[in-house]
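Note sheet for the following structure.
Nothing in this text is a laboratory measurement; each read-out follows from the coordinates by a stated rule. All values derive from a computational prediction rather than experimental measurement. Every residue, glycine among them, receives a Cβ derived from its backbone with ideal geometry; neighbour counts consider all protein chains shown.
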Amino acid sequence: MRAPLSLQKLVYLDGHRAVLYRSRMNPSLGRNFEAMDPLEWLARLADHIPDPGRHRTHFYAHCANRVRGKRPGEEEPLHTDEAEPKTRRRCSASWARLIARVFQADPLVCRRCVGPLKAVAYITDALAIRQILDHVDLSPPEKPPP
């Protein structure tokens, strides 16, 4: 990835309180420089800093880090004909033991038939959770306005 700017092309005009950035000829501007206020220059520079936890560049397919390490001719070939079937690893049931210990109720046992249950999916969307709780009449009471 290229650097967003070059310090050799940057000039600060102290008498005019302006920043001058020289570059190649810009066909839309019709010139090879950009003059701006120092605060505007800082805002443009800060735009190149990604938000915490966000990436600016994503690599897919042949350029991805995982694929680059396993290209043909290296340690492992990319695709093998004799691929072993992947075994599904069971999730840890420690969360179920903790819930059973705290609430004195086993979350992996059906209340009606006392048969075994298994987790199929985890719902994290607040709207979907509220709709499910409303449907089974387990929604929390509405809080009065302060």
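S28 to K118: extension gain in nm, 0.36 nm per residue of separation minus the Cα-Cα distance?
Working: separation 90, 0.36 × 90 = 32.40 nm, distance 6.12 nm.
So the extension gain works out to 26.3 nm.
Using each residue's phi in the stretch 116-124, evaluate 6.51 cos²θ - 1.76 cosθ + 1.60 at θ = phi - 60° and report the 3J(HN,Hα) Karplus result to the nearest Hz, with x for Gly and Pro.
x, 10, 9, 6, 9, 7, 10, 9, 10
In nanometres, what is the gap between the two model label sites at R17 and F103, each 7 Å from Cα along Cα-to-Cβ?
6.2
Calculate the length of the line joining the C-alpha centroid of the stretch 35-57 to that of the stretch 101-135, in whole Å.
Computed from Cα coordinates, the inter-centre distance equals 46 Å.
State whether the stretch 1-52 is rounded, prolate or oblate according to the following rule on the C-alpha gyration tensor (a ≥ b ≥ c being the square roots of its eigenvalues): a/c under 1.5 gives rounded; otherwise a/b larger than b/c gives prolate, and the remaining case gives oblate. Before the final figure, lay out each step's value.
Details: a/c = 1.84, a/b = 1.19, b/c = 1.54.
Oblate shape, in that a/c is at least 1.5 and b/c is the bigger or equal ratio.
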